[in-house]
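The values are calculated or read from the model by the stated rules, or taken from the named source; none is laboratory data. This is a predicted model, so every value here is computed, not measured. When we count neighbours, we look across all protein chains shown, and the Cβ atoms used for this are built from the backbone with ideal geometry, even at glycine.
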Amino acid sequence: MKKADYIKYLQLQPHPEGGWYRQIYHSDDHFVPSTVNQERYYYTSIYFLLDTKSPSHFHRLKHDELWYYHAGDPITIYCLLPDGSASQTILGPHLEKGEQLQFRVSAGTILGSAVNEAGFSLVSCAVAPGFDYHDFEIFDQQTLLAQYPDQRRVIERLAYQQIPADSAN
């Protein structure tokens with residue numbers, strides 16, 4: 001299937017951080033995690049489709065996020081860690097090349113992702129406790145370059161020069 005087919009059949013909508021998404025699941029029950037002292041679902045899960053023109057811009061969540069590869073081209077998840085280091089993980093179907101089918105981004109890690117080829121990638125992302133925009137922080141280039149100067153190339157690719165008003169929700 002083509003990118004447009006996935007967007008149509010999965011009923012995906014534009015995502016504020018880039019790409020297209022739709023929340024698919026969330027737990028039936030709520031609780032109040034000590035990390036935010038506000039009611040959250042136990043988990044949430046989305047379909048998330050990215051292409052080379054629409055990456056996932058650098059952002060941070062207060063909770064762990066699990067990424068699951070489904071279809072399309074390999075995608076790299078770039079992580080800027082709280083200790084000042086950086087890492088990257090490739091999700092994709094080529095296990096013999098070291099690609100992975102799933103990956104956990106730890107709470108508090110700044111992450112962005114980009115498709116590696118001139119195509120698209122379909123993944124799912126699950127967050128526990130469940131995703132809420134109050135737990136979401138998006139970053140601009142100036143802020144990240146001050147903290148991670150050695151990561152200039154990827155920051156200039158995946159961080160906004162200026163955060164669009166509709167990205168902060």
| query | Out of all the residues in the stretch 80-100, which are touching a Leu at 6+ places or on another chain (Cβ under 9 Å), of a type in the set (A, V, I, L, M) and either closer than 14 Å to Phe58 by Cα or surrounded by 12 or more Cβ atoms within 10 Å (Cβ to Cβ) (or both)? | reply | Leu80, Ala86, Leu91
| query | Regarding His15, is this residue modelled with pLDDT of 95 or more, crowded, with 17+ Cβ neighbours inside 10 Å, in contact with a strand residue (DSSP E or B) (Cβ under 8 Å, 6 or more places away or on another chain) and closer than 20 Å to Phe136 by Cα? | reply | no
| task | Kindly provide the set of residues from the stretch 25-47 that are surrounded by 13 or more Cβ atoms within 10 Å (Cβ to Cβ) and either closer than 29 Å to Asp140 by Cα or among the β-branched types (Val, Ile, Thr) (or both), ordered by number. | result | Pro33, Thr35, Val36, Arg40, Tyr41, Tyr43, Thr44, Ser45, Ile46, Tyr47
| said: Residue under question is Gly112, and the condition is that it be assigned to a loop (DSSP other than H, G, I, E, B) and under 24 Å from Tyr160 (Cβ atoms); does it hold? | reply: no
| query | How about the stretch 69-102: which of its residues are among the small types (Gly, Ala, Ser), assigned to a strand (DSSP E or B) and in contact (Cβ under 8 Å) with a residue 60 or more places away in the chain? | reply | Ala71, Gly72, Ala86
| task | Look at Leu66 and say whether it is assigned to a strand (DSSP E or B), closer than 22 Å to Gln23 by Cβ and either out of contact with any helix residue (DSSP H, G or I) (no Cβ under 6 Å at 6 or more places or on another chain) or basic (Lys, Arg) (or both). | result | yes
